[in-house]
Amino acid sequence: MSSRKPTSKPKLAVWKFSSCDGCQLSLLDCEDELLTVADSVEIAYFLEATRAQVKGPYDISLVEGSISTPEEEKRILKVRKQSRLLITIGACATSGGIQALRNFKNVDDFIDIVYAHPQFIDTLSETRPVSDYVSVDFELHGCPINKYQLLELLNATLNRRKPNIPNHSQCVECKRAGTVCVMVSQGKACLGPVVQAGCGNLCPSHDRGCYGCFGPKETPNTISLADWFSDRQSMPKRDLKHLFRGFTAGSDAFRKESERHE
């Protein structure tokens with residue numbers, strides 16, 4: 001009889017900060033694949049799925065959501081301290097999300113308008129991605145994330161290999177799928193040339209321009225694209241500004257390009 005002790009499973013924790021829970025739901029949406037994930041790891045903390053909690057430290061922490069309050073600012077430091085690997089998932093965690101639109105204005109003006117008792121609101125002046133506060137081992141983009149990319153990331157992490165996550169533009173996906181370019185053929189505004197692929201070619205395949213849900217790709221030439229819209233389609237500066245202020249408005253490339261058209 002062998003005297004070897006059984007190998008313990010890696011502990012997985014899933015954390016929520018300021019977000020809509022959509023990226024956590026992408027994990028739950030894995031359905032059959034989730035059973036395999038659950039068999040490979042110990043789901044130690046995941047309030048969206050179970051109330052059961054196992055104390056850290058954790059081998060893998062998936063973090064959804066941006067840092068928007070003083071409480072979250074402190075909590076992300078604690079999460080980082082007890083996590084061997086910290087992976088941010090979704091546009092909120094990687095770029096600040098749609099709530100980062102408030103960074104372009106005075107947040108106190110919004111609080112006074114929205115809340116009946118603004119004196120009870122404790123928030124930061126700006127919404128920021130997790131990487132502005134702690135070191136991040138990998139970023140998985142999307143609003144929401146692609147569940148197959150998440151499975152690939154978990155598989156790669158558990159097997160100690162580099163994740164096979166594409167970093168090319170959405171335009172490459174359109175070409176591979178045989179989708180006719182809506183920007184060239186119909187003159188529609190599309191961020192495809194500067195956006196990282198990952199959505200499965202969703203909007204262009206339905207005759208709509210890309211909204212940039214997966215954020216800027218590596219070295220995006222936003223200036224060239226914006227100038228193309230301005231010169232070829234006479235797009236007003238106001239529309240150009242709003243074009244880059246969507247789901248990932250807080251990313252450096254899109255933020256700087258939108259500010260260029262103020």
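A few comments on the model shown:
- Screening segment 13-104 for helices (runs of 4 or more DSSP H) wholly inside it with 2 or more residues that are without any contact (Cβ under 8 Å) to a residue 12 or more places away in the chain returns the ranges 32-40, 70-81.
- Looking across segment 172-231, the residues that are out of contact with any Gly (no Cβ under 7 Å at 6 or more places or on another chain) and of a type in the set (Lys, Arg) come down to LYS175, ARG176, ARG208, LYS217.
- Taken as a whole, segment 102-111 holds no residue that is of a type in the set (Val, Ile, Thr), surrounded by fewer than 12 Cβ atoms within 10 Å (Cβ to Cβ) and over 21 Å from the mean Cα position of the chain (by Cα).
- So SER131, is it at pLDDT 95 or above and outside any helix (DSSP H, G or I): no
- Yes/no for LEU62 being surrounded by 15 or more Cβ atoms within 10 Å (Cβ to Cβ) and not hydroxyl-bearing (Ser, Thr, Tyr): yes
- Summed over segment 197-209, the residues that are in contact (Cβ under 8 Å) with a residue 24 or more places away in the chain, out of contact with any Ser or Thr (no Cβ under 9 Å at 6 or more places or on another chain) and not small (Gly, Ala, Ser) give a count of 3.
- Here THR127, THR157 are screened, and the one residue that is under 14 Å from the mean Cα position of the chain (by Cα), surrounded by 15 or more Cβ atoms within 10 Å (Cβ to Cβ) and not acidic (Asp, Glu) is THR127.
The values are calculated or read from the model by the stated rules, or taken from the named source; none is laboratory data. Computed from a prediction, not measured in an experiment: that's the story for all the values here. Glycine also receives a Cβ, built like all others from the backbone with ideal geometry; neighbour counts cover every protein chain displayed.
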